[in-house]
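*Asks:* Please read through the structure below; I'll follow up with questions.
The values are calculated or read from the model by the stated rules, or taken from the named source; none is laboratory data. Remember, predicted model here, so these are calculated numbers, not experimental data. Heads up, the Cβs are rebuilt from the backbone with ideal geometry, glycines too, and the neighbour counts pull from every protein chain shown. Protein only, heavy atoms only, side chains kept; ligands, DNA and RNA dropped before computing areas. Shrake-Rupley method; radii C 1.70, N 1.55, O 1.52, S 1.80 Å.
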Amino acid sequence: MQALHTFVVRSKLPEPLQALDDLAMNLRWSWDRRTQELFRQVDPEAWEANGHDPKGLLSTASLERLDMLAADARFRAELGEVHADLQRYMAEPRWFHQRPENNVRSVAYFSPEFGLSEALPQYSGGLGALAGDHLKAASDLGVPLTAVGLLYRQGYFRQALNADGWQTERYPTLDPQVLPVRLLEGAAVTVDLAGAPLVAQIWQVDVGRVRLLLLDADVADNDPEGRRVTDRLYGGGGEHRLRQEIVLGIGGVRALDAVGLDSQIFHTNEGHAGFLGLERIRRLVVEDGLRLPEAVEAVRSGTVFTTHTPVAAGIDRFPRDLMERYFKPWADECDVDFDDLMALGHVPGEPADAPFNMAVMGLRLAAASNGVSKLHGEVSRAMYKPLWPDLAVDEVPIGSVTNGVHGRSWVSSEMDDVFSRHVSPAWPQADEAAWAGLVHSPDDELWQARNRGRAQLVARVRRRLRSSALALGASPSDAAWCDTVLDPDVLTVGFARRFAVYKRATLLLTQPERLEALLLSPDRPVQLVFAGKAHPADDLGKEMIRQVVEFSRRPKVGHRMVFVADYDIALARTLYQGCDVWLNNPRRPLEACGTSGEKAALNGALNCSILDGWWAEMFDGENGWAVSSAETSEDLARRDSFEADSLFDVLERQVVPLFYAREEGVPRPWLQRVRSSLVSLGPRVVADRMVRDYVEQYYEPMGRRADALRASHHAPAKGLSAWKQRVRSGWHEVAIHSLDGEVSPVDLGAERVVDVVVHVGPLSTDDIAVELLHGPLDADGELGPSRQRMELVGPERGRNQFRYRAQFTCTRAGRYGYTVRVVPDHPDLVDPAEMGCVAWA
Ligand SMILES: *Cc1c(COP(=O)(O)O)cnc(C)c1O
């Protein structure tokens with residue numbers, strides 16, 4: 001029967017329990033065990049049933065139960081203490097407040113998704129989980145950061161499998177009334193969507209000390225089509241995506257204004273929010289009278305862009321006609337030629353009608369950019385080199401900060417106890433020396449924590465399987481098989497991530513006999529747990545899921561291999577905490593970082609992975625296993641087969657024997673390796689380390705620079721822009737005329753003098769730096785990166801010619817070399833390479 005009218009009955013807490021509402025509305029509960037325990041006590045059964053969701057719990061709690069708790073003095077006392085602890089956490093000085101040169105006032109962090117908790121399903125995968133962990137660590141460190149995103153009324157999709165093992169998608173509509181979000185009354189913003197105004201209201205999420213603003217177009221002011229703009233994460237086609245990104249980028253900047261925030265630094269997590277740059281440019285042009293290049297300079301000065309993927313499908317490209325429809329008014333208002341706008345999303349030499357690339361705009365509108373692991377930094381420099389055609393690839397100005405994970409959000413309470421005892425009660429902030437304390441942790445203690453995690457994994461996976469079987473119409477007796485799946489004492493290997501083709505979830509299935517032998521070994525068996533969603537439009541990804549499901553349904557292996565549907569943060573946590581081995585076998589170097597392995601490692605799992613992303617820089621031979629990759633092979637099938645061989649070899653010869661080598665039932669050498677893994681990785685994989693890196697390497701220098709360029713009505717930004725224009729237009733005349741230097745052999749330790757004459761054309765010697773690059777040659781005859789600035793000796797005969805000189809010592813025997821180049825030089829450049837101008841000898 002349908003209701004004629006529907007309305008919401010708001011829960012009302014009895015006076016003594018009011019503080020529960022504060023606790024439920026601040027997501028700090030999601031990483032504070034004591035708060036979670038308090039909510040569990042409100043109603044243990046409902047807590048488990050609703051998947052650990054305080055807001056949901058309070059909204060369904062009965063009046064009787066609440067009155068009973070209000071009368072319970074012990075509960076009230078605990079509530080008082082937990083609430084006081086939250087207030088202390090919100091107020092006390094933290095790491096950031098002890099920074100010596102504290103010039104960062106406010107960072108605005110933009111992301112299309114945030115994975116903070118299963119209770120706020122506004123994420124699809126790694127990018128969201130990373131953004132969520134960034135906010136939590138920023139809160140713990142006291143960084144003054146405000147985040148901006150969208151509230152998707154249907155979140156991402158919920159995954160189920162049909163009888164054939166094919167993924168099906170559901171989009172249940174979320175009710176903000178029972179989410180940990182609150183509406184900021186009167187703080188709506190309006191954006192223009194191809195001539196039609198769209199209103200978005202703003203919800204606030206409290207993430208510890210950090211505020212997250214979520215824009216939501218589902219309001220009565222908009223027509224039905226407008227209301228659907230923020231319906232689903234990554235739903236719809238190109239135009240839908242463009243509309244969402246306009247709300248996120250342009251609406252997001254306006255939302256910060258609407259709540260009264262003057263942001264100093266903008267950090268964009270991937271290109272999707274890139275239109276924030278266009279909104280900031282528009283203001284500088286319209287309100288402050290800057291010209292486009294000056295506004296670009298001013299906007300760049302305080303912007304950090306993080307690129308997250310080398311996979312083309314992960315980068316938005318919008319066709320020109322679509323861009324014209326939505327951004328012609330922008331170009332008119334700024335009095336900018338539309339080709340100049342398009343050029344912001346193009347590499348040099350691309351035709352004006354090429355699609356607009358959001359990552360390219362991200363790089364152009366940020367003074368600092370980075371990839372998310374050392375290897376990904378390298379890959380990104382090569383990938384985006386066309387933006388700086390004259391630079392050597394290692395000088396392309398894209399750095400790297402390796403992703404980390406928020407320890408307390410992912411680690412089991414048992415491991416948390418181990419770390420608290422042997423590392424530090426504040427282990428997420430602990431340094432290497434403190435982590436080394438883990439060598440004193442007894443085997444039994446570690447082994448018990450691991451066993452408990454595995455047992456919980458088995459229990460929770462069975463529970464999930466049973467409920468999905470029942471949902472598909474199975475009778476309870478038909479679903480009884482679910483209790484025979486997995487074994488709490490068997491070596492457990494996990495593979496859970498997006499089913500994107502390059503991640504190769506089916507690599508193990510390519511050698512079915514070897515896989516079966518591993519699973520079915522009578523004395524040393526392995527069990528495999530898979531989970532992950534394929535994008536709804538990705539049929540290849542769905543086919544991989546189907547193959548995994550089909551294999552797991554073979555009668556012989558059904559109890560040793562399982563695909564668990566509807567991967568989310570709760571399931572992820574269970575898997576990280578319970579697996580012994582975390583498997584990752586992407587096609588290198590397509591995994592920019594990968595963070596699931598970091599979460600598993602913190603729980604004492606051992607990584608077995610291709611040397612890609614974070615693992616390429618952190619594997620040390622003792623802390624897990626490396627699978628060989630054959631990326632030089634052009635033949636993908638041969639490459640896959642080689643890499644599958646390597647993976648099976650590692651599993652069969654190393655992993656399995658080590659896990660089952662027991663002394664009195666305890667795998668001592670295995671636990672030794674777990675300790676090595678924790679000691680070496682613990683201090684490096686935590687999000688605290690990542691956010692500290694961002695503060696020290698990016699936010700602080702950017703803050704200084706943004707303030708400097710903004711001074712006296714942007715005069716320095718205008719000056720820099722005019723200087724760049726002058727240097728760029730005269731650069732083709734800059735040349736090195738003569739390079740004098742000895743090339744006869746010398747003895748080790750000898751000095752060499754190099755002299756050059758530089759023609760500066762219309763520029764002056766203040767505009768340039770002349771650099772000597774010298775050193776031993778490598779096997780390919782290439783010079784290393786060491787360079788030194790040459791000194792100006794004085795003018796030469798001939799117009800605009802100057803002599804420069806440098807000397808160096810030959811510190812290594814063998815083949816030595818040098819060369820000279822000229823680059824632009826200005827005190828307000830972040831990196832001399834950013835202009836891409838170089839004149840070589
Ligand atoms: C950590 C995490 C991811 C990212 O895993 P990758 O290893 O980067 O693929 C995806 N989804 C969830 C739910 C996560 O917690």
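*Asks:* Rank THR402, THR819 by accessible area, highest first, at a 1.4 Å probe radius?
*Replies:* THR819, THR402
*Asks:* Run the quick spin-label model on SER62 and GLN456: label points 7 Å from Cα toward the beta carbon, then report their separation in nm to one decimal.
*Replies:* Placing both labels 7 Å beyond Cα along the Cβ direction yields 2.9 nm.
*Asks:* Within 13 Å, Cβ to Cβ, of ASP489, how many net charges do the neighbouring residues add up to if Lys/Arg are +1 and Asp/Glu are -1?
*Replies:* +3
*Asks:* Starting from the Cα of ALA661, step 7 Å along the direction of its Cβ; do the same at ASP766; then give the gap between the two resulting points in nm.
*Replies:* Each label point is offset 7 Å from its Cα along the Cβ direction, giving 6.9 nm.
*Asks:* Then there is this: Over the heavy atoms of TYR818, what accessible area does a 1.4 Å probe trace out, to the nearest 10 Å²?
*Replies:* The accessible area of TYR818 comes to roughly 60 Å².
*Asks:* Per residue, how many Å² of accessible area does the chain show with a 1.4 Å probe?
*Replies:* Counting only protein heavy atoms, the per-residue value for the chain is 41 Å².
*Asks:* LYS542: which aspartates and glutamates have alpha carbons under 15 Å from its alpha carbon, excluding same-chain residues fewer than 8 sequence positions away?
*Replies:* ASP164, GLU169, GLU550, ASP566
*Asks:* Report the residues of the stretch 85-122 in range of a label on LEU13: point 7 Å along Cα→C-beta, backbone N strictly under 20 Å from it.
*Replies:* 85-91, 117-120
*Asks:* Just to confirm the number: angle between the C-alpha axis of helix 668-685 and the first principal axis of the chain, 0 to 90 degrees, nearest 10?
*Replies:* With both axes taken from Cα atoms, the answer is about 50 degrees.
*Asks:* Same structure, new question: Treating only the Cβ of Lys, Arg, Asp and Glu as charged (+1, +1, -1, -1), what charge dipole size does the stretch 706-841 show about its Cα centre? Round to the nearest 20 debye.
*Replies:* 380
*Asks:* Loop only per DSSP, at most 14 neighbouring Cβ atoms within 10 Å: give me the trypsin sites (Lys or Arg not before Pro) in the stretch 615-695, ordered by residue number.
*Replies:* Those that pass, being in a loop and sparsely packed, are ARG662.
*Asks:* Which is farthest toward the positive dipole end of the stretch 287-427 among HIS422, ALA354, ALA366, measuring Cα position about the Cα centre, with Cβ charges +1 (Lys, Arg) and -1 (Asp, Glu)?
*Replies:* HIS422
*Asks:* Trypsin sites (Lys or Arg not before Pro) within the stretch 698-803: which are DSSP loop residues with at most 10 other Cβ atoms inside 10 Å?
*Replies:* Qualifying residues, ordered by number: ARG797, ARG799.
*Asks:* Averaging sequence separations of C-alpha pairs under 8 Å and six or more residues apart, then dividing by the length of the chain, give the relative contact order as a whole percent.
*Replies:* For the chain, the relative contact order is 11 percent.
*Asks:* How high is the FRET efficiency between ALA480 and ASP740 when r is their beta carbon distance and R₀ equals 60 Å, given to the nearest 0.05?
*Replies:* 0.10
*Asks:* Which lysines, on any chain, are close to LYS599 with Cα under 24 Å apart, when same-chain ones fewer than 8 places away are left out?
*Replies:* LYS136, LYS374, LYS503, LYS533
*Asks:* Taking 0.36 nm per residue of sequence separation and subtracting the Cα-Cα distance, how much length would be gained by fully extending the chain between ARG99 and ALA84, in nm to one decimal?
*Replies:* 2.8 nm
*Asks:* Hey, another quick one. Rounding to the nearest 10 and keeping the result within 0 to 90°, find how far the Cα-based axis of helix 275-288 lies from the longest principal axis of the chain.
*Replies:* Around 50 degrees separate the two axes.
*Asks:* Summing Lys, Arg as +1 and Asp, Glu as -1, what charge do residues with Cβ under 11 Å from the Cβ of GLU169 carry, GLU169 excluded?
*Replies:* Local charge sum for GLU169: +4.
*Asks:* Roughly how many debye, to the nearest 20, is the charge dipole of the stretch 607-697 about its Cα centre, given +1 on each Lys and Arg Cβ, -1 on each Asp and Glu Cβ, and no other charges?
*Replies:* Result for the stretch 607-697 is approximately 480 debye, rounded to the nearest 20.
*Asks:* From the helices alone, meaning DSSP H stretches of at least four residues, give me the mean residue ellipticity at 222 nm for the chain, per-run term -39500 (n - 2.57), in deg cm²/dmol to the nearest 500.
*Replies:* Per the formula, -11500 deg cm²/dmol.
*Asks:* Considering only protein heavy atoms, what is the solvent-accessible area of LEU739 at a probe of 1.4 Å, reported in Å² to the nearest 10?
*Replies:* Only protein atoms counted, so the area is about 70 Å².
*Asks:* By how many degrees, 0 to 90 and rounded to 10, does the Cα axis of helix 539-552 deviate from the longest principal axis of the chain?
*Replies:* 40
*Asks:* Shifting gears a bit: Expected output is a single nm value to one decimal: the length gained when fully extending between ASP340 and ASP489, i.e. 0.36 nm times separation in residues minus the C-alpha distance. What is it?
*Replies:* Value of the extension gain: 47.3 nm.
*Asks:* Here's something else I'd like to know. Taking the Cα centroid of the stretch 87-146 and of the stretch 153-228, what is the distance between the two, rounded to the nearest whole Å?
*Replies:* 21
*Asks:* Using only the Cα atoms of the stretch 668-823, build the gyration tensor, take square roots of its eigenvalues as a ≥ b ≥ c, and label the shape rounded, prolate or oblate: rounded if a/c is under 1.5, else prolate if a/b is larger than b/c, else oblate.
*Replies:* Oblate is the answer for the stretch 668-823, as a/c is 1.5 or above yet b/c matches or exceeds a/b.
*Asks:* Place +1 on the Cβ of every Lys and Arg and -1 on the Cβ of every Asp and Glu in the stretch 741-811, take the dipole about the Cα centre, and give the residue among CYS810, THR765, GLY749 whose Cα lies farthest towards its positive end.
*Replies:* THR765
*Asks:* DSSP loop (so not H, G, I, E, B), at most 16 other Cβ within 10 Å: list which chymotrypsin sites (Phe, Trp or Tyr not before Pro) in the stretch 319-420 pass both filters.
*Replies:* Sparse-neighbourhood loop chymotrypsin sites (Phe, Trp or Tyr not before Pro): none present.
*Asks:* Mind putting a number on the dipole of the chain about its Cα centre? Charges go on the C-beta only, +1 for Lys and Arg and -1 for Asp and Glu, and I need it in Debye to the nearest 20.
*Replies:* Magnitude of the dipole: close to 860 debye.
*Asks:* Now a separate question. Over the Cα atoms of the chain, each weighted equally, I'd like the Debye log10 I(q)/I(0) at q = 0.08, 0.09 Å⁻¹, rounded to two decimals.
*Replies:* Debye intensities relative to I(0), on a log10 scale: -0.78, -0.98.
*Asks:* Would you please give the FRET efficiency between SER521 and ALA637, computed as 1/(1 + (r/R0)^6) with r the Cβ-Cβ distance and R0 = 35 Å, to the nearest 0.05?
*Replies:* 0.80
*Asks:* So how do MET358, MET544 rank on accessible area, 1.4 Å probe, biggest first, that is with the largest at the start?
*Replies:* MET544, MET358
*Asks:* Between rounded, prolate and oblate, where does the stretch 148-189 land on the alpha carbon gyration tensor, with a ≥ b ≥ c its root eigenvalues, rounded for a/c under 1.5, else prolate if a/b exceeds b/c?
*Replies:* Verdict is prolate for the stretch 148-189.
*Asks:* If a/c stays under 1.5 just call it rounded; otherwise compare a/b with b/c (prolate if a/b is bigger, oblate if not). Do that for the stretch 758-820, with a ≥ b ≥ c from the square roots of the Cα gyration tensor eigenvalues.
*Replies:* prolate
*Asks:* Taking the Cβ of GLY125 as the center, what net charge do the other residues with Cβ under 15 Å away carry, scoring Lys and Arg +1 and Asp and Glu -1?
*Replies:* It works out to a net charge of -2.
*Asks:* Separate question: Can you list the aspartates and glutamates whose alpha carbon is less than 15 Å from that of LYS328, not counting same-chain residues fewer than 8 positions off?
*Replies:* Partners within reach: ASP192, GLU279, ASP337, ASP339, ASP340, ASP353.
*Asks:* Which is the longest run of the chain containing none of the GluC sites (Glu not before Pro) found in DSSP loop states (not H, G, I, E, B) with at most 16 other C-beta atoms within 10 Å?
*Replies:* 186-621
*Asks:* To continue, here is another question. Which FRET efficiency value, to the nearest 0.05, is calculated for ALA71 and ARG182 with the Förster distance at 25 angstrom and r the Cβ-Cβ distance?
*Replies:* The pair ALA71/ARG182 has a calculated efficiency of 0.30.
*Asks:* Using a 1.4 Å probe on the protein chains only, how many percent of the accessible area of the chain belongs to carbon and sulfur?
*Replies:* 50
*Asks:* I've got another one for you. Quick one: accessible surface of ARG498, probe radius 1.4 Å, all protein chains present, in square angstrom to the nearest 10.
*Replies:* The accessible area of ARG498 comes to roughly 100 Å².
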